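Worksheet: the structure to be examined is printed underneath.
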Amino acid sequence: MKNSSSDLIIIGSGAAGLMAAQEAAVSGCHVVVLEGGKSAGAKLLLSGGGRCNATNAVVTEQDFCSNAPRTVRHVLEHLRPAQFVTFLERHGVRLSLEEDGKYFTAEGRAEAVLAALLAAARQTGVRIEYNRRVQEVVFSDGSYTVSGEGFEYSAPVLLVTTGGLSYPATGSTGFGYSVARRFGHTLVPTVPALSPLLTDDKRWTGLSGVAVPCRLTFWLNNRKAAASAGPILFTHFGFSGPAALDLSRHWSVSTGEADRRLTVDFLPELPARDLPDASAAVKKTARTVLSERLPARLAAVLLELAGIDAGRGWPGLNPKERRRLQETCQACELPVSGVAGWGKAEVTAGGVDLGELAGATLESRLQPGLFFAGEVLDVDGRVGGFNLHWAWASGVAAARGAVKKLRIL
Ligand SMILES: Cc1cc2nc3c(=O)[nH]c(=O)nc-3n(C[C@H](O)[C@H](O)[C@H](O)COP(=O)(O)OP(=O)(O)OC[C@H]3O[C@@H](n4cnc5c(N)ncnc54)[C@H](O)[C@@H]3O)c2cc1C
């Protein structure tokens with residue numbers, strides 16, 4: 001059995017763990033990172049389709065779901081997007097800003113971000129130990145003892161950055177939740193978020209490959225409970241793309257609720273894209289009028305749903321039919337049968353309750369010297385670089401808290 005001591009043990013070498021490790025080590029702290037896998041940042045490498053949407057031009061607490069938005073705001077103050085961009089530039093990685101506010105790696109390689117974090121860790125003397133899947137955490141005599149098969153490490157301060165349950169193939173097993181539970185923490189129930197939505201309806205799955213901008217609304221008991229805007233992508237199993245992914249956590253959380261619906265507005269820019277009146281489209285068929293505004297395959301499905309023959313002349317539609325078509329285009333109910341689940345969810349909604357952590361440092365209020373950061377916490381962001389930004393910022397906040405703690409121990 002190996003025995004090793006340091007100031008700070010970090011469990012998990014994902015985005016949050018690596019960011020925290022170098023931040024604490026820069027302040028002179030001896031840091032050891034224990035990683036269960038054989039390499040670091042497996043999830044980070046998959047991010048943004050391999051291009052890594054590392055942050056966003058503007059990140060506020062409103063971009064996240066959590067029970068404690070004030071704590072989220074405090075944590076975000078530890079690292080602004082511009083500071084993260086500068087951090088990467090110092091390590092030779094340039095990000096490029098897209099029109100919608102997303103920052104991606106300029107070279108389109110998530111590997112560059114991981115390499116920068118590993119270089120920062122190396123330069124500051126962080127020790128990363130691979131193939132160290134932690135199985136047990138014990139606190140006694142002011143020290144945390146962390147052990148697994150054939151190893152044991154101890155330190156006065158422990159940071160848990162083990163991620164959540166999403167994409168289990170990247171090493172996420174939910175171990176951090178058992179550490180939290182062991183020390184008396186409350187867990188907000190976990191459900192898949194940023195996951196595609198499923199449907200059994202062949203009309204929609206037949207549109208596989210079609211993508212279109214839209215506005216989605218999630219209704220619970222006939223009340224608007226959430227909304228999203230952006231592209232929806234039809235797939236052979238259901239609905240994906242940012243607009244659908246963003247609402248999936250609401251669908252997941254409300255499982256068991258009888259009255260929930262998802263409606264879509266395929267013409268979100270009305271009145272600019274309003275359907276023309278009869279006189280403006282004298283020689284056109286209904287199919288042509290709709291296909292000028294929407295992909296032809298989607299137009300065909302919408303006409304079928306509205307019960308209008310695609311070949312009919314546009315001027316021949318009576319006002320009632322035109323209104324029905326407009327409603328189908330703008331408030332169409334999507335027949336969702338479920339959420340794709342952990343294997344396809346980009347993040348975890350729920351987790352360690354922020355209310356039991358100190359807002360500024362993410363230290364447990366129940367167990368001194370125990371910190372949490374990243375996806376293991378009850379915070380999930382929308383599509384756009386927000387989840388990685390949460391990992392960076394919470395990693396920095398917890399590392400600073402850990403350093404402060406070590407100074408007073
Ligand atoms: C396909 C995909 C694409 C994504 N794209 C983006 C994107 O473009 N932009 C964005 O903002 N977000 C994106 N996300 C979300 C983002 O990647 C995560 O929110 C973020 O990586 C979470 O970081 P983390 O450090 O908290 O956890 P993780 O990255 O999950 O890291 C946890 C680490 O802990 C290790 N670990 C777990 N248990 C143990 C244990 N018992 N002992 C030792 N080690 C352990 C794991 O092996 C893992 O290395 C994406 C996610 C996925 C799955």
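Read-outs: derived from the displayed coordinates by stated rules, not from any lab. Quick caveat, the model's predicted, so the values are computed rather than measured. Counting neighbours? That spans all protein chains shown, and the Cβs are built from the backbone with ideal geometry, glycine included.
For the chain, the longest principal axis of the alpha carbon atoms and the long axis of helix 15-26 meet at an angle near 40°.
Remark: spin-label model distance Ala115-Asp259 equals 5.6 nm, labels positioned 7 Å along the Cα→Cβ axis.
When only Cα pairs below 8 angstrom with a gap of at least 6 residues are kept, the chain shows a relative contact order of 24 percent. As a length-normalised measure over Cα pairs under 8 Å and 6 or more apart, the relative contact order of the range 197-339 settles at 28 percent.
Taking 0.36 nm per residue of separation and subtracting the Cα-Cα distance, what length does fully extending Ser39 through Glu149 add? Present the calculation step by step, with values, prior to reporting the outcome.
Values: separation 110, 0.36 × 110 = 39.60 nm, distance 1.75 nm.
Roughly 37.9 nm would be gained on extension.
Note on Val26 and Arg203: the model spin-label points, each 7 Å out from Cα along the C-beta direction, lie 5.5 nm apart.
Mean-square fluctuations from a GNM of the chain, with a 10 angstrom spring cutoff on Cα atoms, peak among His250, His91, His389 at His91. In terms of distances greater than 27 angstrom between alpha carbons, the cross-link table entries Lys284/Lys320; Lys102/Lys202; Lys283/Lys320 yield Lys102/Lys202. Annotation for Leu366 and Val138: the two label points, set 7 Å from Cα along the Cα-Cβ direction, are 2.1 nm apart. Excluding same-chain neighbours fewer than eight residues apart, the aspartates and glutamates reachable from Lys38 by a Cα-Cα span under 17 Å are Glu111, Glu129, Glu149. Compared with the alpha-carbon gap, the fully stretched path from Thr170 to Lys224 is longer by 15.9 nm at 0.36 nm per residue.
Tell me the Kirkwood hydrodynamic radius of the range 134-208 in angstroms, computed as one over the mean inverse distance between distinct C-alpha pairs. Kindly include the intermediate steps, with their values, before the conclusion.
On the way: mean 1/r = 0.0646 Å⁻¹.
About 15.5 Å, per the Kirkwood formula over Cα pairs.
The smallest convex shape that holds all Cα atoms of the range 200-329, its convex hull, gives 113 Å³ per residue. With the charge dipole of the chain set up from +1 on Lys and Arg Cβ and -1 on Asp and Glu Cβ about the Cα centre, the Cα lying farthest toward the positive end among the listed residues Pro268, Val85, Leu95 is that of Pro268. The charge dipole of the range 248-390, taken about the Cα centre with unit charges on the Cβ atoms of Lys, Arg (+1) and Asp, Glu (-1), comes to about 900 debye, rounded to the nearest 20.
Basic side chains Lys and Arg get +1 at the Cβ, acidic Asp and Glu get -1 at the Cβ, and with that the dipole of the chain about its Cα centre reaches some 480 debye.
The gain in end-to-end length when the Asp277 to Thr186 segment is fully stretched comes to 27.0 nm, 0.36 nm per residue minus the alpha carbon separation.
How high is the relative contact order of the range 178-255, in percent, with contacts defined as C-alpha pairs under 8 Å that are six or more residues apart?
Working: 136 pairs, mean separation 27.4, N = 78.
It comes to 35 percent, rounded to a whole number.
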